[in-house]
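Let me begin by presenting the structure, written as structure tokens, before commenting on it.
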């Protein structure tokens, strides 16, 4: 019997490293908060990755898991994974009208309901590989073309819950415009 192991992407490994660090534990992000799709940014000439966190709450019904707004974000400089920032959006004036205790939608949204778990996981891992390609291209000059950028955009537009789009736009308008605005 051959057991096929899923390869962990660089982005997933960074997230795992972060979430087992003392810094993460000292942030006191409450139990139940999970990261959603990261944001890539250039800050002062350095490539950074921001991991946004939100809360999910199960209801016991299929496709009716409550999704709350993104509340926290932790940023890392790449490739060192040095933590460059932590933010609780409850204290950011851009989010003053957001009720972080009120759900804003359900997981799974309509665009992904047609995929079973295996298919969804495949799309998720394909997206994580696209993140890795971008990072590799920016840090090491790896190959990355228009078709790669287009595929990453397609996957983000498919997988990110539509009700989270305004929050992504508020967190980083450049990332939003590059990957979420349909062209």
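The values are calculated or read from the model by the stated rules, or taken from the named source; none is laboratory data. Just so it is clear, the structure is predicted and the values come from calculations on it, not from any experiment. Virtual Cβ from ideal backbone geometry, glycine too; neighbours counted across all protein chains shown.
Residue-level check: of (1) modelled with pLDDT under 95; (2) within 13 Å of the chain's Cα centre (by Cα); (3) over 20 Å from residue 112 (Cα atoms), residue 79 misses just (2). Candidates 111, 73: the one that is surrounded by 12 or more Cβ atoms within 10 Å (Cβ to Cβ), at pLDDT 95 or above and either in contact with a helix residue (DSSP H, G or I) (Cβ under 9 Å, 6 or more places away or on another chain) or within 28 Å of residue 23 (Cβ to Cβ) (or both) is 73. Scanning segment 36-47 for residues that are surrounded by 19 or more Cβ atoms within 10 Å (Cβ to Cβ) and either out of contact with any helix residue (DSSP H, G or I) (no Cβ under 9 Å at 6 or more places or on another chain) or assigned to a strand (DSSP E or B) (or both) gives 39, 40. Checking each residue in segment 59-76 for being closer than 17 Å to residue 35 by Cα and free of Cβ contacts under 8 Å to residues at least 60 places away in the same chain picks out 65, 66, 68, 71, 72, 74, 75.
When 127, 155 are checked against the criterion of being touching a residue at least 60 places away in the same chain (Cβ under 8 Å), surrounded by 17 or more Cβ atoms within 10 Å (Cβ to Cβ), out of contact with any strand residue (DSSP E or B) (no Cβ under 8 Å at 6 or more places or on another chain) and within 26 Å of residue 78 (Cα to Cα), a single residue qualifies: 127.
From the list 63, 88, the lone residue that is farther than 17 Å from residue 136 by Cα and modelled with pLDDT of 90 or more is 88.
Within segment 86-107, which residues are out of contact with any helix residue (DSSP H, G or I) (no Cβ under 8 Å at 6 or more places or on another chain) and either part of a loop (DSSP other than H, G, I, E, B) or in contact (Cβ under 8 Å) with a residue 24 or more places away in the chain (or both)? Hits for segment 86-107 are 92, 96, 97, 99, 101, 102, 103, 106, 107.
Of all residues assigned to segment 132-146, none qualifies as being under 20 Å from residue 104 (Cβ atoms) and either free of Cβ contacts under 8 Å to residues at least 60 places away in the same chain or out of contact with any helix residue (DSSP H, G or I) (no Cβ under 8 Å at 6 or more places or on another chain) (or both). On the given criteria, is residue 18 farther than 21 Å from residue 153 by Cα, in contact with a strand residue (DSSP E or B) (Cβ under 7 Å, 6 or more places away or on another chain) and touching a residue at least 40 places away in the same chain (Cβ under 8 Å)? Yes: the conditions hold for residue 18.
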